[in-house]
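Data block below; observations after.
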Amino acid sequence: MTIRPDRRALRRLPGRALRQATLAAAAGSALYPIYFMASTALKGRADYLEDKWGFPWPLAWSNFGDAIGGGEFFQWFRNSAIFTLGSVVLSTVVAALAAFAIARMQFRGRDALLTLNVALMVVPPVVMVIPLFVLFTQLALVSTYHGVILIYAGLVTPFSVYMLTNFFRSIPRELIESASADGASHLRILIQIVAPLSFPALITLVLVNSLFVWNELLIALVFLPEDELKTLMVGLTVFRSRYNLDVPITMAGMLLAALPMVLLYAVGQRFFIRGLTAGAVKG
């Protein structure tokens, strides 16, 4: 018996090949910077100057020790961890309270408040640097942990409110009404019912906001002029390059700086896509 090829399947082959090629090119363009950073971090300085794009050999593992050496790396790491943890916790709590009010409570100006929140998402941080610096200078908040934590929390809260609002609206209304009928307060409903059901969205916010704060450079550079308060990104890209032009050592430091965010994503990645897509359907 002769098996005839499916003509429709044959007609789809060029389109599938084009899609696969496009996806492969996109994946290559995303992965190549990681390869370049890792390969450069494993090269000696002479090997890097001789061939910037080639495969590293022999492997210069000592670059990682040189990047950490001196104790500054751990100080910068500690500062970045404090700013990231403080701002993410503060913004998540504020965003959860605001999003629950917008999504599940009736009050005048609710839609206008959400519209204003969406408008704040498109304001670039660079346009707020000068007025914020003047204000924080008057309030003596420059070169302080809590001052910069407030700035970072303010920058990521609009997106957090918008995302959580859509997610909270997807939660069945019957659960909220049943808890209200039993005498539960709004805060208790948020903590005991809405928050557990919104765990994927909350994990997504923690991942996205942590990545932004950890890698942020402008705010940390302007509002933290003292060397002992510098973040990891500022220390590696600005402070160290002022005294050290060894690119492989700098890349080794960057690779070490990226590891916490990679580990955080690896832990929460199974919730990430669910958190991004679950709020697309409103309840």
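Just to check your reading of the model, which residue among Ile149, Ile191, Ile203 is out of contact with any Gly (no Cβ under 7 Å at 6 or more places or on another chain), farther than 23 Å from Gly71 by Cβ and assigned to a helix (DSSP H, G or I)?
Details: Ile149 fails: out of contact with any Gly (no Cβ under 7 Å at 6 or more places or on another chain); Ile203 fails: out of contact with any Gly (no Cβ under 7 Å at 6 or more places or on another chain).
When all the criteria are applied, what remains is Ile191.
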Query raised in the report: When you go through Gln20, Gln75 one by one, which is the residue that is in the same structural domain as Thr250 (by TED's automatic domain parsing), modelled with pLDDT of 80 or more and among the polar types (S, T, N, Q)?
Result: Gln75
Report task. State which residue pairs qualify: first residue farther than 20 Å from Val161 by Cα and inside the range 115-138, second residue of a type in the set (Phe, Trp, Tyr) in any location, beta carbons under 9 Å apart, and separation of 6 or more residues or different chains. Result -> Val129/Phe223; Leu132/Phe223; Phe133/Phe223; Phe136/Phe223
Query - Among the residues listed as Arg104, Arg110, the single one being in the same structural domain as Pro248 (by TED's automatic domain parsing), among the basic types (Lys, Arg) and in contact with a Lys or Arg (Cβ under 9 Å, 6 or more places away or on another chain) - result: Arg104
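So that you can scan it fast, the table gives a plain yes or no per residue for (1) hydrophobic (A, V, I, L, M, F, W, C); (2) crowded, with 21+ Cβ neighbours inside 10 Å:
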position	(1), (2)
Trp76	yes, yes
Ile82	yes, no
Ser91	no, yes
Ala95	yes, yes
Ala98	yes, no
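The values are calculated or read from the model by the stated rules, or taken from the named source; none is laboratory data. From a predicted model like this one, the values you see are computed outputs, not experimental measurements. No Cβ is skipped: glycine too gets one built from the backbone with ideal geometry, and neighbour counts run over all protein chains shown.
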